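For reference, the structure is listed below as structure tokens.
Laboratory data are not the source of any read-out in this text; all were calculated from the coordinates shown. As the structure is a computational prediction, the values presented were derived from the model and not from experiment. Methodologically, a virtual Cβ is constructed for each residue, glycine included, from the backbone with ideal geometry; neighbour enumeration extends over all protein chains shown.
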Amino acid sequence: MKAMILAAGKGERMRPLTLTTPKPLLKAGGKPLIVHHLEHLRDAGFRDAVINHAWLGEQIEQQLGNGKQFDLSIRYSAEGEPLETAGGIVRALPLLTDQGDDWFLVINGDIWTDFSLSDLQRPEQDDCLAVLVMTDNPKHHPEGDFRLEADGALTTNGGSKLTFTGISLLHRKLFNGLDDTAGKLGPVLRRAMTSHQVRGIYHKGGWVDVGTPTRLAELDRQLTGGGQPA
């Protein structure tokens, strides 16, 4: 199975830091955010990664190269103008599924987590097309995204919703009929939820949506100090 790191965003909320540095290369705990992901992928047994990029993407390729330094093989899906999340995944599908495996892992490049990626396994249900990692709602997103039912299904209805971490296991069929103008991943997932094709698992450990300079500085302070963000 291959993995994809979504790294094509312009990082508008991270300005001025992202005026000269792509957001995935911003550092926390002494290393770029995307390097944390690459190390976690390696430790979970992944060997092949695909990274999409657009804004200042050449810096990402220059710094990460072919992945040999991380014991990974890295290929790139260059977008020019950044596509939305679902569109970026569709563009990269030929790279993600060229070895005959229709499942692949996707992780947002602008998060930090201590979630063990090896815990994200193919579902037992034949009709399932996506498994999402969910976590408690952060202060800046108190309403959450989806409800995790007792049987593991994810729904858009009801209270007590959790937040989608940006980590998922997706099946190629989820994108049937879509092209790289598909837009964001959220609507694609919501449509699949109406057919009961999306499941979730709960992560109670550390997770940070590194969406602003303040959150990046706080994450860096915690990691540098030897602590683990809540």
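Results, tabulated for the structure shown:
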{"read-out": "Gaussian network model of the chain, springs between alpha carbon atoms under 10 Å - residue of LEU169, LEU56, LEU96 with greatest fluctuation", "value": "LEU56"}
{"read-out": "Percentage relative contact order, the chain, counting C-alpha pairs under 8 Å, at least six apart", "value": "25 percent"}
{"read-out": "Contact order normalised by residue count of segment 101-177, Cα under 8 Å, 6+ apart, percent", "value": "43 percent"}
{"read-out": "At 0.890 mPa s and 25 °C, Stokes D of the chain from Kirkwood alpha-carbon radius, µm² per second", "value": "137 µm²/s"}
{"read-out": "Antiparallel bridge percentage (DSSP; both residues within segment 26-81; nearest 5)", "value": "25 percent"}
{"read-out": "Segment 163-230: trypsin sites (Lys or Arg not before Pro) falling in loop per DSSP and having at most 10 other Cβ within 10 Å", "value": "LYS204"}
{"read-out": "The chain: most fluctuating residue of ASN157, ASN52, ASN66 per GNM, C-alpha cutoff 10 Å", "value": "ASN157"}
{"read-out": "Filter on LYS2/LYS184; LYS68/LYS139; LYS27/LYS161 - keep pairs with C-alpha separation over 27 Å", "value": "LYS68/LYS139; LYS27/LYS161"}
{"read-out": "Centroid-to-centroid separation of segment 194-211 and segment 1-72 [C-alpha atoms, Å]", "value": "21 Å"}
{"read-out": "Antiparallel bridges, percent of DSSP beta bridges restricted to the chain (to nearest 5)", "value": "50 percent"}
{"read-out": "Gain in span if fully extended, LYS31 to HIS140, counting 0.36 nm per residue against the direct Cα distance", "value": "36.8 nm"}
{"read-out": "Sorted by Cβ density within 10 Å, fewest first, the residues ASP180, ASP127, ASP102", "value": "ASP127, ASP102, ASP180"}
